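Q: Take a look at this one; I'll ask things after.
The values are calculated or read from the model by the stated rules, or taken from the named source; none is laboratory data. Keep in mind that what you see is a predicted model, and the values were worked out from it rather than measured. For neighbour counting, all protein chains shown are included, and Cβ atoms are generated from backbone atoms with ideal geometry for every residue, glycine included. Keep in mind that these areas ignore ligands, DNA and RNA; they rest on the heavy atoms of the full protein, side chains included. Shrake-Rupley method; radii C 1.70, N 1.55, O 1.52, S 1.80 Å.
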Amino acid sequence: MTGQTVTIPYRYLIHVLGAGTTGSGKSTMLSSAIYQTQKANSNAALNNLIVLATGKMSAAFAKVNGVLGQQGPLATNDTDIINALGWAVALMNERYRVLEKTNKLVDQPAVHIFFDEFQELTEDARHPVVTELVRQLVIKGRGCGLHVWATTHKATLRMFGKAGNALKGQFST
């Protein structure tokens, strides 16, 4: 099916992992998903929340920085990435506290965390705080409307923090 357009409705996606060589279109895929998420915001009662983070200075994210629904600045350094992912984890934990008390999730906007070249901080647990935040989001986020879109050019188990890590199985697409 070379040259065919792949279309997957959002309702089927939980977490998305894009892997490929440099120049294969990973950042373009993320930019397209970000634009589509923003477009959905212009017609929705509950806007999607968007978090942008990159392990490298991604030119693709410069084009989408400031989209409707974006939470915080484009995270491009360790501190900003920790803050952005930490915000998402705190929101996730708050949603679970509400679920525990009320036994239901109230209508809340979906949160899409777009993390380009995340292996720059997680491979071999290079940055343990970022690795742990990604782990929490990928394992627990799906149950309360948080979706991680991550890309890497190193599709190895080591990029999830260490060899043998089970996070890879959490990505639905």
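Q: For labels at N77 and K56 in the simple 7 Å Cα→Cβ model, what's the distance in nm?
A: About 2.0 nm separates the two model spin labels.
Q: Between rounded, prolate and oblate, where does region 17-148 land on the alpha carbon gyration tensor, with a ≥ b ≥ c its root eigenvalues, rounded for a/c under 1.5, else prolate if a/b exceeds b/c?
A: Numbers: a/c = 1.99, a/b = 1.25, b/c = 1.60.
It comes out oblate by the Cα gyration axes.
Q: Subtract the Cα-Cα distance of T28 and E100 from 0.36 nm times their separation in residues, and report this length gain in nm to one decimal.
A: 22.1 nm
Q: Which FRET efficiency value, to the nearest 0.05, do you get for A40 and R126 by plugging their Cβ-Cβ distance into 1/(1 + (r/R0)^6) with R0 = 30 Å?
A: Efficiency, from the Cβ-Cβ distance: 0.30.
Q: Just the number please: accessible area per residue for region 51-109, 1.4 Å probe, all protein chains included, in Å².
A: Numbers: 3290 Å² over 59 residues.
About 56 Å² of surface per residue is accessible.
Q: Another question about this same structure. So if I take the centroid of the Cα atoms in region 98-131 and the same for region 46-96, what is the distance between those two points in Å?
A: Using only Cα atoms, the two centres lie 10 Å from each other.
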